[in-house]
Amino acid sequence: MRNTARQTRENRTITVNFQSEAAYFQLLGDRKAFLECVLASVMSLGLQLKHKATCRGGGCLTRHAHSVRVRLGGVMIRRLQCTTCRAVFTILPHFILRYRSMHPDVARNALLATHGGLSLELCAVLYHISPLALYRLVCALGQHSLVIVLTRCGLPLPTYFLADEKHSRCLADKVYLPTIVSGRVLWHLGYTTEASATAFTQSYQAFQGAAFQQEPSYRVKGVLTDGFDSTTKSLRTLFPGARLGTCLRHALNKLPKKLAAIPSPLRKALRAKCHILLYRARQRKGLRVFALGQRLRHFADYVAHTAGTANGERVRRWFQEKKAGWYTVLADPQMPVTSTLLDQAHNAIERKLFAMKGFHHSRGRQAVFLTGLAHLYNLIPYQRRALNAGKCGVEVEGGRVPTSDWMLNLQILTSGGFH
Ligand SMILES: [Zn+2]
């Protein structure tokens, strides 16, 4: 039934916060008050209702068409119709989840536990639901694009961002999660079974397409990657005008591998020296690109002098290969310098990846499931003792959420009835 509904009819459901179940049932008896409450709620969100393409609606001309009793514990669900375009909006009270008999309070706890890293199976045991029901709930959230939900929160599309793929496994297969992060929010979390530029392009294109739909003039100015070939190729294809920088911290982590057959203390000392070099290059704003080139040459000479010519030569060639990406980072003060925040996001998602394995099958909905997890990552507030305690990623980045309740925000922001 769910599939046919999705195919034949546009999803124009909106979740409205009626404060309490009692208030909702009281309003059901008063058509005028009900309509006013819904319109006031929509207005306060600052969002537009999704009328038909030809309608200019604006949300002020809706009237009651009919009300239908839907079998969700026998609660009456009202529908409103636009008098101009006849688009019908289903008004879902906040205490009901679309197509689900699960109560939002149960969903809230189970989602929070999932987000915290508990397996779907254990969450299900704790909250007396089936693991599949929880999986489907996350997938239902994942039907809605990250770009749409984040822009509904008033966040501008990111002109600078971090992009990288998480390498993981699903059952016996290697899989990759192409990811776009800007500050504390995930703008894209994809899923590919190949590490090719073509596969990554296809995944990142989903973000690009959604972004262009929001803002046709969207331009990316800078992207920071760890320099993986398929990543840079795919991003260059999709965002030809963007500067592509390489993460400085990744570089530092790679350096020890370039230094063969030397005592460990010397390797550590050289890494520390390189760290200071890159750090100082960042500090000095004006001439830093020029200064970096010169310093890298000196550093390679120093390596040759202290660790032998073979190591010196290897480091020099590696610098040669990577320095363009580092210059890019240093040339534009707005470019992100390290991909730390992206690594943090990946680590947070990593704990839930095994949950996907239990539900993996050939026609699985991995991408949708991951998008659902990404919504949780963006909208669930940080713990009390965290740096941004009580705020969610969206708020940390300057976005606004409809209410102070993350679960309600999730329900409202993933409503299909908004434009
Ligand atoms: Zn209309």
Notebook entry, point to check: Between Arg297 and Leu122, how many nm apart are label points set 7 Å from Cα along the C-beta direction?
Noted result: 5.7
Next item on the list: In nm, give the distance between the simple-model label positions of Ala324 and Ser130, each being 7 Å from the Cα along the Cα-to-Cβ direction.
Entry: 5.4
Margin query: Quick check on my link table: of Lys221/Lys322; Lys257/Lys323; Lys357/Lys391; Lys254/Lys391; Lys233/Lys391, which ones sit more than 24 Å apart, alpha carbon to alpha carbon?
Written below: Lys357/Lys391; Lys254/Lys391; Lys233/Lys391
Check: the range 102-174: percent of C-alpha pairs farther apart than 19 Å?
Finding: 55
Check: Over the chain, what is the mean sequence separation of C-alpha contacts under 8 Å (at least six apart), divided by residue count, expressed as relative contact order in percent?
Finding: 20
Note to self: With n ≥ 4 as the cut-off for DSSP H runs, can you work out [θ] at 222 nm for the chain, using -39500 (n - 2.57) per run divided by the number of residues, rounded to the nearest 500?
What the structure shows: -16000 deg cm²/dmol
Next item on the list: Write out the trypsin sites (Lys or Arg not before Pro) in the range 258-342 meeting two conditions: DSSP loop, and at most 15 other Cβ atoms within 10 Å of their Cβ.
Entry: Arg284, Lys285
Note to self: To test your reading of the geometry: what angle, between 0 and 90 degrees and rounded to tens, separates the Cα axis of helix 229-238 from the longest principal axis of the chain?
What the structure shows: 50
Next item on the list: Over the chain, average the accessible area per residue using a 1.4 Å probe and give it in Å², no decimals.
Entry: 50
Next item on the list: Please determine, in degrees from 0 to 90 and to the nearest 10, the orientation of helix 31-45 with respect to the longest principal axis defined by the Cα atoms of the chain, where the helix direction is its Cα long axis.
Entry: 10
Next item on the list: With everything on Cα atoms, drop me the angle between helix 309-331 and the longest principal axis of the chain, reported from 0 to 90° to the nearest 10.
Entry: 40
Next item on the list: Inverting the mean 1/r over all pairs of different Cα atoms, compute the Kirkwood radius of the range 291-334 and quote it in Å.
Entry: 10.8
Check: What is the gain in length, in nm to one decimal, between Asn253 and Lys268 on full extension, counting 0.36 nm per residue of separation less the C-alpha to C-alpha distance?
Finding: 4.3 nm
Item checked: Whole-number D in µm² s⁻¹ for the range 320-360, Kirkwood Cα-pair radius fed into Stokes-Einstein, 10 °C, 1.306 mPa s -> 124
Checklist line | Portion, in percent, of the accessible area of the chain that falls on carbon or sulfur, probe 1.4 Å | finding: 52
Checklist line | Average silhouette area of the range 274-419, convex hull of alpha-carbon atoms, in square nanometres | finding: 14.7
Next item on the list: Could you tell me what fraction of 2.2 N^0.38 Å the Cα radius of gyration of the range 169-277 comes to, as a two-decimal ratio?
Entry: 1.34
Checklist line | Computed lengthening from Gln19 to Asp105, 0.36 nm per intervening residue step minus Cα-Cα distance | finding: 29.6 nm
Item checked: Those lysines that a straight Cα-Cα span of less than 27 Å connects to Lys50, excepting residues fewer than 8 apart in one chain -> Lys32
Item checked: Surface/4 of the Cα convex hull for the chain, nm² -> 23.8
Next item on the list: Taking every pair of alpha-carbon atoms in the range 67-222, give the share separated by more than 26 Å as a whole percent.
Entry: 47
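The values are calculated or read from the model by the stated rules, or taken from the named source; none is laboratory data. Keep in mind that what you see is a predicted model, and the values were worked out from it rather than measured. Backbone-built Cβ (ideal geometry, glycine too); neighbour counts: all protein chains shown. Protein only, heavy atoms only, side chains kept; ligands, DNA and RNA dropped before computing areas. Shrake-Rupley method; radii C 1.70, N 1.55, O 1.52, S 1.80 Å.
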